[in-house]
Amino acid sequence: MRIAVCGGPYGNPYALQAFADDARARGCERLFCLGDLGGFGAEMDPLWPILADNGIECVAGNYDVALAGGDEDCGCGYQDPMDNAYAQLIYDHTRAATSPGFAAWMGTLPTEHREEVEKVDVHMVHGSTLALNDFWWESLPHEQHQQRVAASGADVVLCTHSGLPWQRRVDGTLVVNVGVIGKPANDGRREVWYAVLDLEQGRAEAELVPLTYDWQAQAASMRASGLPECLAETIETGWWTTCLEILPPRERSRGRYHLYRSTLPTGFQPADDAWGEAPHAELPDSNRPVVPLFGSAYFPTRLWLYTNFHCNLACDYCAVASSPRAVPRALVAEDFCALVEEAVAAGFAALYVTGGEPFLHPDIVALLDHASAQLPTVVMTNAMLLRGRRADGLADLADRKLTVQTSLDGATAAVHDAHRGAGSWKRTMDGIRHLIDLGLPPRVALTETQDNSHEIPAVAELLAKLGLPSDHFAVRPLLRRGFSEAGAEIGEGSSIPELTVTADGLHWHPAGADATTSPDMHLAGPGTSLERGKQLVTERFFAARLADGTLPRPVHCAM
């Protein structure tokens, strides 16, 4: 026997009728709905005749129980105040749009259905086998899937409520979250989803089916009823604009929007604020209540590219363990240029080119030429290798959106050289003067330690005498990474992400870009796309956030 099972019509009669028509066309002999007849759209009473005329068998969801009982809220199970605010707004509209007769009919529905079909024990629930409003997410740990399966013992368990379709076998039981037909699955598609199951001689197979319906009519009816514009936008785009906080990290990372605008920080600027820049997207469409993580203050739109890891210096606090003995792990020119193109397509607004010492890369000027022609580019260098063959043509880039940044850790050689090596202060000062002569006045960062804090004013004065503006000087903290055994701790739970690419793949942050000394910050191996990297960062961001309820702060690691 072939059956069709849908979740949540959500006040969308256009999708419900399309479900009935599509399921019958596929040869389904019985049609089921797993509840939540209301919950997003505008039109409630038109659902009733569609259910009756098409013989759709229903179980009750939390929405239906609440409407039948005249409850004051939907009982959806949200925890976040903003999630609950939107849920309440929609529920209030749904109550007003549901006739007493339809609500009373909902009160006759069972909250689960269990039946043996073709020698297959099929258990249909709304949320899960544990609770009516339990969210059975695909990303739950395996033992939590097992717990829900064990509570049933059926051959097949069918559920909905979360709104996101998936299927898997758990200890021999086929579990299918059939999704909902009332709104898209936060996947950028206007289609909605339901499940078709083939049951025969004790065997069960399921297919998740994308359903095309008249989404234009649904969006128009929602606008006509006065529901918030952001809800109609979800119907039109396939991306959720409300009820995000309930989503676990993996599910949330797959959507376009990740945060309520109201959760964005106040008195908080991204890591480039030391230079007075804001390399994160302005947030347009202020009426939309949600924003992407990428482009917000929590995930700047700058991409870090490590050209190589070997260096002419062996600074004793290098966060990525660079030195003359380090394995170069260089990005070849072809890969670097491809990453620049990919960065533009992925929405990055700035490039930071670093190492090791980038000017040890044989093609560094050509790489900077290619990068700065497409995006504002900053190259990090110790300014000691800016003459000779590798630096040929650097002056030709003075009219580009190219910034050279170097490090000066003291106003005197004794203080600077203590960490960076004898003679390095003088060569760096020569490099700074050379850059000024080339028309590329550098930005200068000082890594603050117990030894040089007292020299910060003197360094600022020294640079001012060279003609560098005051906003070309910044102080950054010492970090406990790489070679450094002192300094501030930095990790996924305590720093905003800044996607970084090396020959070893993708990393959470440039201060943790050495896969050997910072394996905890390694995201994925070589060849992983930047779009996938953005998704991985988003998932890890929310995993860290949900672990302790806090939000990370910026770390001015390289500014």
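The values are calculated or read from the model by the stated rules, or taken from the named source; none is laboratory data. All figures in this text were calculated on a predicted structure; none of them were measured in a lab. Don't worry about glycine lacking a Cβ; one is built from the backbone with ideal geometry, like all the others, and counts go over all protein chains shown. Surface accessibility is based on the protein's heavy atoms, side chains included, excluding ligands, DNA and RNA. Shrake-Rupley method; radii C 1.70, N 1.55, O 1.52, S 1.80 Å.
In this label model, Arg288 and Thr528 are separated by 2.6 nm, measuring between points 7 Å along each Cα→Cβ vector. Accessible surface ranking for Thr447, Thr111, 1.4 angstrom probe, highest first: Thr111, Thr447.
Shown here: Kirkwood radius over Cα pairs in Å, derived from the displayed model; of the candidates (1) 26.4; (2) 24.9; (3) 23.8, it corresponds to (1). Say each of Asp430 and Ala413 gets a label point 7 Å from the Cα, pointing the same way as Cα to Cβ; how far apart are those two points in nm? A separation of 1.1 nm, rounded to one decimal place. Here is the P(r) of the range 369-469: all C-alpha pair distances, binned every 10 Å from 0, give 15, 47, 28, 10, 0 in whole percents. Modelled label positions at Val327 and Arg387, each set 7 Å beyond Cα in the direction of Cβ, lie 3.5 nm from each other. Taking the Cβ of Leu109 as the center, what net charge do the other residues with Cβ under 14 Å away carry, scoring Lys and Arg +1 and Asp and Glu -1? Cβ neighbours under 14 Å give a net charge of -4.
Rounded to two decimals, the Cα-based Rg/Rh of the range 1-116, with Kirkwood Rh, is 0.98. Full extension of the segment from Met1 to Ile456, taken as 0.36 nm per residue of separation minus the current Cα-Cα distance, would add 156.0 nm.
Averaging the sequence gap over all C-alpha pairs within less than 8 Å and six or more residues apart, then dividing by the number of residues, gives the chain a relative contact order of 11 percent.
Of all beta bridges that DSSP places with both ends in the chain, some 45 percent have antiparallel geometry. Computed across the range 147-267, the Kirkwood radius stands at 16.3 Å (inverse of mean 1/r, all Cα pairs).
Test of understanding: extend the Cα→C-beta vector of Arg30 to 7 Å, then name every residue of the range 91-117 with backbone N under 20 Å from that spot. Within reach of a label on Arg30: 108-117.
Percent of Cα-Cα pairs more than 17 Å apart in the range 320-373, please. Tail fraction, whole percent: 39. The gain in end-to-end length when the Ser99 to Asp520 segment is fully stretched comes to 146.0 nm, 0.36 nm per residue minus the alpha carbon separation.
For the chain, with all protein chains in place and a probe radius of 1.4 Å, 50% of the accessible heavy-atom surface sits on carbon or sulfur. If R0 is 25 Å, the Cβ-Cβ spacing of Ala224 and Gln88 corresponds to a FRET efficiency of close to 0.75. Helix 456-465: angle to the longest alpha-carbon principal axis of the chain, degrees 0 to 90, nearest 10? Relative to the chain, helix 456-465 is tipped by roughly 70 degrees. Based on protein heavy atoms only, the chain ends up with 38 Å² per residue of surface accessible to a 1.4 Å probe.
Couplings 3J(HN,Hα) for the range 320-328, derived from phi with the Karplus relation 6.51 cos²θ - 1.76 cosθ + 1.60 (θ = phi - 60°), are 10, 6, 7, 5, x, 8, 5, 5, x Hz, where x marks Gly and Pro.
Helix 81-97 and the longest principal axis of the C-alpha atoms of the chain enclose an angle of approximately 30°. In a fully extended conformation the segment linking Glu341 and Arg254 would gain 29.0 nm over its present Cα-Cα distance, using 0.36 nm per residue. With respect to the chain, whose longest principal axis is taken over its alpha-carbon atoms, helix 530-548 is tilted by about 80°.
P(r) tail, the range 423-462: Cα-Cα pairs separated by more than 10 Å, 75% of all pairs.
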